[in-house]
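Novice: I am attaching a structure below and will ask some questions about it afterwards.
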Amino acid sequence: MRMPTRSLIVLLLTMLANLVWATALVPQAPKLAANAYLLMDADSGHIIVEHNADEKVPPASLTKMMTAYILAYEVEVGNVSLADEVRISEKAWRTEGSRMFIQEGKFVLLEDLMRGVVIQSGNDASVAVAEHIAGSEEAFADLMNQHAERLGMTNTRFYNSTGLPDEGHLTSARDLAILARAIINDYPDHYAVYAEKEFTFNKIRQPNRNKLLWRDSTVDGLKTGHTQAAGYCLVASAKEDGQRLISVIMGAKSTESRAQESQKLLTYGMRFFESHTLYDAGESLQRVRVWGGETDYLNLVVTDDMMVTVPRGQAKNLQANIEINPEITAPIEQDQALGSLRIMLDGELVAEQTLVAAKAISDGGFIKNMTDGVAKFMQGVLD
């Protein structure tokens, strides 16, 4: 039986409406069994979900993320090499808690110690790394705090390289996400170690404690932690179809719980959000008039990639608002701030960047200033 034309149109409109609603609907974020948690897009830095994200909490072995970050930094700047043979001190050998099982007086490759820190969560390996890089764990802790400040980890203070309980040794879920993002983006070659499922040293095989590495093929890091004060913690990252997310779980009740709650966050983010690069670093967005310069026009550009994270299907509703300084007069320095770009979605600010001069423009001299003065006056009259 052939459907009447009017009924077919109504049906098609209904189907289209349902499709629009299907792409626009986003459920509330899951409420997790953890004291604090956060979900971040690693590329845009956008926070998708957060709960008590700035509460200061003990990081336990998540501290070792900073230890490993500094190790990668020191390797990249050439201060140490992964081929270094590190002599194990009595202090490193005696450090309690989870261990790599290194021995006092023996020499161990720095590359093996890196895996001992990341995969085996060895407190002994962490102290050995700290002493090799800074001479003492106390000096290394000072380096940790300097890096934390540089990265913008405003709720963090480190007193050791391991995460063993120490009064005032605190961080936050937001700060750990910032650190995880830096590990991933700054040192991608070193980050690959976080995906390794096991490491054998001194004939002792130890598995990575991040259970998601076995359960979810998109997960490739980062680190677990646990003390009585901190509870069970996990910072994880997953990448699927070009989108990378970072989840932070603090104060879960068990190893299983921290894995399950992390999975909930990552699944929610991958299912209901997407990220887009709107403009590339250095891309020209506006051509503006310059008064009194050796040239009359200048391109304004963004200094960094403009990335946004939005609910799936909502990218088409983004609006770009550009504001330019009312009068641009030479001389102008390259990268001088001359305007702003604001990305809006349904009246809410999604992302913002400063627009800067693509090149320097020198003063055009007396005659150019005179002629431009007249032109500017006439423009004002006509306006």
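Novice: Considering ALA72, ALA29, which residue is in a loop (DSSP other than H, G, I, E, B), touching a Phe, Trp or Tyr at 6+ places or on another chain (Cβ under 7 Å) and either without any contact (Cβ under 8 Å) to a residue 60 or more places away in the chain or under 24 Å from SER247 (Cα atoms) (or both)?
Specialist: ALA29
Novice: For the structure I just gave you, tell me whether ILE183 is under 18 Å from GLY116 (Cβ atoms), among the aliphatic types (A, V, I, L, M), assigned by TED's automatic domain parsing to the domain that holds GLU149 and over 22 Å from the mean Cα position of the chain (by Cα).
Specialist: no
Novice: Looking only at residues in segment 98-111 that are in contact (Cβ under 8 Å) with a residue 40 or more places away in the chain and surrounded by fewer than 17 Cβ atoms within 10 Å (Cβ to Cβ), which one is farthest from PRO207 (Cα to Cα)?
Specialist: Out of the qualifying residues, it is GLN103.
Novice: Take segment 40-69 and flag every residue that is within 19 Å of the chain's Cα centre (by Cα), part of a helix (DSSP H, G or I) and of a type in the set (S, T, N, Q).
Specialist: THR63, THR67
Novice: Would you call ASN317 more than 30 Å from MET270 (Cα to Cα) and surrounded by 12 or more Cβ atoms within 10 Å (Cβ to Cβ)?
Specialist: No.
Novice: Still on this structure: Do we find that THR371 is more than 30 Å from HIS46 (Cβ to Cβ) and modelled with pLDDT under 95 in this structure?
Specialist: Considered against the rule, which asks whether it is more than 30 Å from HIS46 (Cβ to Cβ) and modelled with pLDDT under 95, THR371 comes out as yes.
Novice: Please return the ranges of helices (runs of 4 or more DSSP H) entirely within segment 76-171 where 3 or more residues are over 30 Å from ALA53 (Cα atoms).
Specialist: 90-94, 110-118, 123-134
Novice: Look at ALA236 and say whether it is more than 22 Å from VAL356 (Cβ to Cβ) and in a strand (DSSP E or B).
Specialist: yes
Novice: Looking only at segment 182-222, count how many residues are within 15 Å of LEU266 (Cα to Cα) and crowded, with 19+ Cβ neighbours inside 10 Å.
Specialist: The qualifying residues number 8.
Novice: Step by step: first the residues of segment 240-275, then only those that are in contact with a Ser or Thr (Cβ under 6 Å, 6 or more places away or on another chain) and free of Cβ contacts under 8 Å to residues at least 60 places away in the same chain, then the one that is surrounded by the fewest Cβ atoms within 10 Å (Cβ to Cβ). Which residue is that?
Specialist: Result: GLU240.
Novice: Also: Restrict the check to segment 322-331 and report whether at least one residue is surrounded by 18 or more Cβ atoms within 10 Å (Cβ to Cβ) and in a strand (DSSP E or B). Walk me through it before giving the result.
Specialist: Initially, segment 322-331 is screened for residues surrounded by 18 or more Cβ atoms within 10 Å (Cβ to Cβ), giving 328, 330.
Filter once more, keeping what is in a strand (DSSP E or B): none.
No, every residue in segment 322-331 fails to be surrounded by 18 or more Cβ atoms within 10 Å (Cβ to Cβ) and in a strand (DSSP E or B).
Novice: Select from segment 162-181 the residues that are surrounded by fewer than 21 Cβ atoms within 10 Å (Cβ to Cβ) and of a type in the set (Gly, Ala, Ser) and list them in ascending order.
Specialist: Listed by number, the list holds a single entry, GLY168.
Novice: Name the one entry in MET114, MET40, MET66 that is in contact with a strand residue (DSSP E or B) (Cβ under 6 Å, 6 or more places away or on another chain) and within 17 Å of ILE183 (Cβ to Cβ). Please lay out each step first, then the result.
Specialist: Details: MET114 fails: in contact with a strand residue (DSSP E or B) (Cβ under 6 Å, 6 or more places away or on another chain); MET66 fails: in contact with a strand residue (DSSP E or B) (Cβ under 6 Å, 6 or more places away or on another chain).
Step by step, each of MET114, MET40, MET66 is checked, and only MET40 is in contact with a strand residue (DSSP E or B) (Cβ under 6 Å, 6 or more places away or on another chain) and within 17 Å of ILE183 (Cβ to Cβ).
Novice: Quick one: GLY292 ticks every box in (1) surrounded by fewer than 24 Cβ atoms within 10 Å (Cβ to Cβ); (2) in contact with a helix residue (DSSP H, G or I) (Cβ under 7 Å, 6 or more places away or on another chain); (3) closer than 20 Å to HIS190 by Cα except a single one, so which number is it?
Specialist: (3)
Novice: Restricting to segment 77-97, and then to whatever is surrounded by 13 or more Cβ atoms within 10 Å (Cβ to Cβ) and of a type outside the set (A, V, I, L, M), can you tell me which residue is nearest to ASN202 (Cα to Cα)?
Specialist: The extreme case among them is TRP93.
Novice: To continue, here is another question. Please specify each residue of segment 349-363 satisfying the condition of being of a type outside the set (A, V, I, L, M) and either in contact with a Pro (Cβ under 8 Å, 6 or more places away or on another chain) or assigned to a strand (DSSP E or B) (or both).
Specialist: GLU352, GLN353, THR354, SER362, ASP363
Novice: Taking segment 214-228, which residues are under 20 Å from the mean Cα position of the chain (by Cα) and of a type outside the set (S, T, N, Q)?
Specialist: VAL219, ASP220, GLY221, LEU222, LYS223, GLY225
The values are calculated or read from the model by the stated rules, or taken from the named source; none is laboratory data. Being a predicted model, the structure only gives us computed values, none of them experimental. Glycine gets a Cβ as well: all are built from the backbone with ideal geometry, and neighbour counts include every protein chain shown.
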